[in-house]
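Just dropping this structure here.
The values are calculated or read from the model by the stated rules, or taken from the named source; none is laboratory data. Predicted, not measured: the structure shown is a model, and the values here were computed from it. Quick reminder, even Gly has a Cβ in these numbers, built from the backbone with ideal geometry, and neighbours come from all protein chains shown. When the accessible area is computed, the model is the full protein with side chains, heavy atoms only, and any ligands, DNA or RNA have been set aside. Shrake-Rupley method; radii C 1.70, N 1.55, O 1.52, S 1.80 Å.
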Amino acid sequence: METINLFFVFGILGAIGIVGAYFLIQLEIYAAEHVVTLSLNLGGAFLVLISLYDGFNLGSLVIQLVWIVIGLAGLYKKLQTRTV
């Protein structure tokens, strides 16, 4: 059984953030490019990444790093269009 510690909690919260963003997009509560969904995805990926300190998985590391790059690119694009 998994030991419940801070890293475990970060992983669960991160997964909830990523899936929650997808849920909000599917219900058309927020658009994919909305700051809320971008932030949930980015924050969730960071939390899952932190959780890997306790139980490393290369596949999860790669996908979280890619997710972070995508999230940062989307957030950057969104903030750029706001200032123009």
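Could you tell me the calculated FRET efficiency between Ile29 and Tyr53, based on Cβ-Cβ distance and R0 = 41 angstrom, to the nearest 0.05?
0.80
If the chain between Phe8 and Ser60 were fully stretched, how many nm would it gain, using 0.36 nm times the residue separation less the Cα-Cα distance? Before the final figure, lay out the partial values.
Values: separation 52, 0.36 × 52 = 18.72 nm, distance 1.42 nm.
Here the answer is 17.3 nm.
Still on this structure: Counting heavy atoms of the protein chains only and a 1.4 Å probe, report the per residue accessible area for the chain as a whole number of Å². Numbers along the way, then the final one.
Values: 5890 Å² over 84 residues.
Counting only protein heavy atoms, the per-residue value for the chain is 70 Å².
At 1.4 Å probe size, with the rest of the protein present, what percent of the exposed accessible area of the chain is carbon and sulfur atoms?
Here it works out to 72 percent.
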